2 protein chains.
Amino acid sequence: MGREVDVPALVEGVLAGDRRVMARAITLVESRRADHRERAQELLVELLPHAGGARRIGISGVPGVGKSTFIDQLGVDLTAAGSKVAVLAVDPSSARSGGSILGDKTRMARLAVDPDAFIRPSPTSGTLGGVAQATRESMVVVEAAGYDVVLVETVGVGQSEITVAEMVDSFLFLTIARTGDQLQGIKRGILEIADVIAVNKADGPAAADARKAARELSSAIRMLRGRGEPWDVPVLTCAGLSGEGLDEVWAKLVEHQERAKASGAFDERRRAQQVRWTWQLVRDGLEHSLRAHPGVRAAVPDLEKQVLAGELTPALAARQVLELFIGPATGEAARTL
Amino acid sequence: MGREVDVPALVEGVLAGDRRVMARAITLVESRRADHRERAQELLVELLPHAGGARRIGISGVPGVGKSTFIDQLGVDLTAAGSKVAVLAVDPSSARSGGSILGDKTRMARLAVDPDAFIRPSPTSGTLGGVAQATRESMVVVEAAGYDVVLVETVGVGQSEITVAEMVDSFLFLTIARTGDQLQGIKRGILEIADVIAVNKADGPAAADARKAARELSSAIRMLRGRGEPWDVPVLTCAGLSGEGLDEVWAKLVEHQERAKASGAFDERRRAQQVRWTWQLVRDGLEHSLRAHPGVRAAVPDLEKQVLAGELTPALAARQVLELFIGPATGEAARTL
């Protein structure tokens, strides 16, 4: 990115669907430089009225379930049917490993050269929160550019799935059958965020095992979820490599969204996501500001020393930090520490 | 608890090891009432110089691995050997279910009537953060009362394990073998916090499966951890019901702590825990204070409306909240949102 960021030119290029300009716009929203952040927000305010029109779908599964192959095939099916498909990724581990695993174009060989697809790997710097913010803002860019399907890929471990579930309309969890009825990578918690589950690699000799696993998982979910849920999470089988069953998976995702739209749950979910995201940014900003506060910085070494010497409880030390940062007005809040 | 909290009497009773007073002191630290929090901190400041002497051990495992039976047996073994054993618990789900599952005395039948044991169920109100704070502060109480082993029980799901790992010296993960080499409840992430792993219920006809599972898990861990780690996580087998193998598990926990003491890692870990805990309290207090701020409360409805209407980005709304809360001095922090 050059020194000068020309926001109107970025707006124009993004709205025209210019892929190079989209890439530049995303590089801008990924930057943590204060002046870039200013320009990025100006850009996003201009793009927001044009965003929001895509189906936003999270796709997760542990390494080895065939995510890239699945997305490659689903993506070309969708573009063949007339959609424009963007693939984004949230992979906080890429910051540590120095390279992005998710959203790797070489692993989505056909989609990578599809003129109606736009693939962007995970931002490779920052915390999960930072990576997620960049991906959310990138979503505004691709939607404003006219992409009507956004697939957000993440790994099936830890907090990143919950973070992605917070930015999409529907969440697809991919798994595979191992031996007999064993399932790979299903863990508690996933059932709370998955809207559709697909047992992948269900072709050839493994098909029977996959179907059996899907049936058992389906019964287990019915048992766990109880009755009266507005949506019964379907467990399907599919094969990303051959494309078998992908249309059914897609149909279920669409059905999930259409049902939610009809009931009002769709809009409600998006609204709640926007509000929670805003508060998350407030918390991140407070933390940053606290660490930079001169009075806090000056007092902290001594407070930590007293805590470590057992002269002060952590709660009392925390109270003093709060009073330095926001004054005695802290009142009630600090007194309940 | 009566209206008046007599802190000096609580200090005296706790230091004398009076179990009723200990229970009252813990009820005080569990209370969220502002005046109780004041008294609780006064109490803790007095107790702190007498605390810190126990082995603090976290014990986790999904429901069904036999945690209660294991703790019951380990506890009576330890008291028979001259220790005083406290059992605390962190179970944020107890707040929802209305009753505590962990630390249930009826499930630790022998330890519950052991005069050298003190069992306290998980606090049943509040967030994970609140429950964890109460448990940390209860630990100060039991240590000051002369208990030299503190077992902190938690469930093998989600964030609570990481939270407990943050307040103990060693972390024991209990699991069981299922069919052949399958293990119940081992998930990614646990290997980062477990210091000792035990495959429980390894008696009778299941013993061979359990030993096989332990061997394979052990190889897997060696593969994942790589060389050069200061501590090779041992994977043992045991049977809580018969008591078989519990002395080896305990010996490994003691060895883990003694090695860490010799290298200085033990003190370093405790110090780092205290500091991180302090900052966590600061964050919790800030959040509370922010939500109570009159200017913020007044502005939020309109800001949320603008975000929902797509007229404002979440980042710009967050900046405005920050400026209301801590003034334009926010500067740098807000500008990087």
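With a 10 Å cut-off around each Cβ of A:287-300, the average count of Cβ atoms from other chains is 3.
With θ taken as phi - 60° and the Karplus curve 6.51 cos²θ - 1.76 cosθ + 1.60 applied, the whole-hertz 3J(HN,Hα) list for segment A:114-124 is 7, x, 9, 10, 9, 10, 10, x, 4, x, 10 Hz, x standing for glycine and proline.
Mind checking how much accessible area A and B bury in total, 1.4 Å probe, in Å² rounded to 100? Walk me through the numbers before you get to the answer.
Numbers: alone 17170 and 17150 Å², together 29230 Å².
Chain pair A/B: roughly 5100 Å² of buried accessible area.
Scanning residues 5 or more positions from A:A89 or on other chains, those with amide H under 5 Å from its amide H are A:S122, A:E153, with H placed 1.01 Å from N in the peptide plane.
Scoring B:255-264, B:143-152 by mean Cβ neighbours within 10 Å over their residues and listing the highest first yields B:143-152, B:255-264. Peptide B:265-273 has a mean of 1 when you count, residue by residue, the C-beta atoms of other protein chains within 10 Å of its C-beta. Could you work out what % of the accessible surface of segment B:1-50 is carbon and sulfur, using a 1.4 angstrom probe and leaving DNA, RNA and ligands out of the count? Accessible surface attributable to carbon and sulfur in segment B:1-50 totals 47 percent.
Please tell me which of these pairs span more than 24 angstrom C-alpha to C-alpha: A:K67/B:K212; A:K212/B:K201; A:K67/A:K252; A:K201/A:K252; A:K201/B:K201; B:K212/B:K261? Beyond 24 Å between Cα atoms: A:K67/B:K212; A:K212/B:K201; A:K201/B:K201; B:K212/B:K261. Calculated on the Cα set of segment A:223-332, radius of gyration then Dmax: 25.2, 66 Å.
Amide hydrogen proximity for A:G240: with H placed 1.01 Å from N in the peptide plane, the residues at 5 or more positions away or on another chain lying under 5 Å are A:K201, A:A202. Looking at segment B:279-326, what % of the alpha carbon pairs are farther apart than 12 Å? In whole percent, the long-distance tail amounts to 63. Take each residue in B:36-44, count the other chain C-beta atoms within 10 Å of its C-beta, and the mean is 3.
Karplus-based coupling profile of segment B:56-61, in residue order and whole Hz: 9, 10, x, 10, 9, x, with θ = phi - 60° in 6.51 cos²θ - 1.76 cosθ + 1.60 and x standing for Gly or Pro.
Relative to the compact-globule estimate of 2.2 N^0.38 Å, the Cα radius of gyration of segment B:2-43 comes out at 1.04. Taking the average, over residues, of other Cβ atoms within 10 Å as the packing measure, peptides A:61-71, B:77-87 rank A:61-71, B:77-87 from highest down. In order along segment B:238-249, the Karplus-derived 3J(HN,Hα) couplings, from 6.51 cos²θ - 1.76 cosθ + 1.60 at θ = phi - 60°, round to 7, 9, x, 5, 8, x, 4, x, 5, 5, 5, 4 Hz, and Gly and Pro are given as x.
The values are calculated or read from the model by the stated rules, or taken from the named source; none is laboratory data. Predicted, not measured: the structure shown is a model, and the values here were computed from it. For neighbour counting, all protein chains shown are included, and Cβ atoms are generated from backbone atoms with ideal geometry for every residue, glycine included. Surface accessibility is based on the protein's heavy atoms, side chains included, excluding ligands, DNA and RNA. Shrake-Rupley method; radii C 1.70, N 1.55, O 1.52, S 1.80 Å.
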